[in-house]
Structure formats: C-alpha cells, structure tokens
Amino acid sequence: MRIEFERSGGFAGMRLSGFVNTGELTAAQALSLQEAVDAAQFWDLPCEISGDQRGADRFQYVVTVEAADRQHTVRVDESAMPEALGALVQAVTRLAGRRT
C-alpha cells in the first residue's frame, strides 16, 4: 500500500508533501497504517470534504491511498478534517520521507 499526502495553505503558504510505501516499513508500522486507513474508513470517504470555515491561513490536505487494485483520493479542508483521517495524516507524516 502506498499513501501520499500534501498539505498546502496556512499562514506562510508553505507546501508539505510526503509518501509512505508500506512495503518499505516494518510489519508493525505497516499494520499500524492499515489500521489507521481502516479506522478512517478511507475508502468510503467522499472525494471532497469542505468545511464552512474558509480562510487563507487554513490548511488544505490531499490524501491518496493506493492498495492492490484500487486508489482513492480525498481533498479536505483543515476545518472539516475527520478525527480519524487526521490521525492517518499524522501517522503518514511521521513515517514519510517528507519534502517541501
């Protein structure tokens, strides 16, 4: 499974992106990410999740998960981020080879 994320916006407008390929992780790390994907019910999330609190200083996220024969991308505003999806993004951020 491969998980990519991108965070844009925010006060300084900086972009942060990264990815994780679970085939390159320990078994425990890969399992933890799989559990985070499942907890977020990622495959059932809509492609766009918009909040009602817009602002130039808010972050926007794009998260893509590729696994076996399927791929799904979710774009979400910081103010509308489901808690479980936020936990997935945090986990990927910690494990990813990050680049800005």
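Structure above, values below:
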{"read-out": "Count - residues of the stretch 60-97 that are crowded, with 16+ Cβ neighbours inside 10 Å, assigned to a helix (DSSP H, G or I) and either among the charged types (D, E, K, R) or in contact with a Leu (Cβ under 8 Å, 6 or more places away or on another chain) (or both)", "value": "6"}
{"read-out": "Yes/no for Ile49 being surrounded by 14 or more Cβ atoms within 10 Å (Cβ to Cβ), among the β-branched types (Val, Ile, Thr), within 11 Å of the chain's Cα centre (by Cα) and modelled with pLDDT of 90 or more", "value": "no"}
{"read-out": "Qualifying residue in the stretch 31-41 (condition: in a strand (DSSP E or B) and surrounded by 12 or more Cβ atoms within 10 Å (Cβ to Cβ))", "value": "no"}
{"read-out": "Output for the stretch 8-46, where each listed residue is out of contact with any Lys or Arg (no Cβ under 9 Å at 6 or more places or on another chain), at pLDDT below 85 and not aromatic (Phe, Trp, Tyr)", "value": "Ala12, Gly13"}
{"read-out": "Answer residue from the stretch 2-42, given it is in contact (Cβ under 8 Å) with a residue 60 or more places away in the chain and of a type in the set (Val, Ile, Thr) and is nearest to Phe59 (Cα to Cα) among those", "value": "Ile3"}
{"read-out": "Failed item, numbered, when Thr100 is tested on (1) in contact with a Leu (Cβ under 9 Å, 6 or more places away or on another chain); (2) modelled with pLDDT under 95; (3) within 15 Å of Ile3 (Cα to Cα); (4) not basic (Lys, Arg)", "value": "(3)"}
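The values are calculated or read from the model by the stated rules, or taken from the named source; none is laboratory data. The shown structure was predicted, so the numbers you read here are calculated from the model rather than taken from an experiment. Methodologically, a virtual Cβ is constructed for each residue, glycine included, from the backbone with ideal geometry; neighbour enumeration extends over all protein chains shown.
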